[in-house]
Amino acid sequence: MKRLLIVGVIIVILIIGGGLTAQIASNGNQLAIPGLIRQTNNPDASALDMAPWKAEQLFLFVGFILFNLIGIAVTLMALFWFLNWQVKSVAVKKSPTAIQTTAAATEES
């Protein structure tokens with residue numbers, strides 16, 4: 001319960017920090033916060049502003065990562081399905097006497 005409370009407090013702090021950053025960015029640095037100085041209005045040098053080419057690069061990067069993660073997931077799913085199918089087919093091919101012997105041995109125990 002204590003860990004859940006700690007995680008909740010951290011999430012609330014992150015939400016407040018994100019909201020404060022968004023408010024500062026949207027107000028054009030009109031929000032007076034002690035110790036916060038906007039150093040540049042150039043979007044190429046600012047962490048708060050995004051130039052069009054930066055937005056395009058971010059969109060392409062996120063799309064590339066998602067495409068590769070989906071590809072990895074599909075590949076692993078196919079591999080695990082095939083391996084499971086092989087395990088099941090080997091179990092079916094075992095002789096019935098061996099299966100009956102194993103079942104009888106487990107019933108006697």
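The numbers here are math on the coordinates, done by the rules we state, and not lab data. Remember, it's a predicted structure, so these values are computed and weren't measured experimentally. Cβ: placed from backbone, ideal geometry, glycine included. Neighbour counts: every protein chain shown.
Figure legend. Inter-residue proximity from region 1-26: first residues within 19 Å of residue 50 (Cβ to Cβ), second residues of a type in the set (Gly, Ala, Ser) and part of a helix (DSSP H, G or I), beta-carbon distance below 6 Å, spacing 6+ or different chains. No pairs are indicated. The set of residues in region 48-67 being β-branched (Val, Ile, Thr) and over 24 Å from the mean Cα position of the chain (by Cα) is empty.
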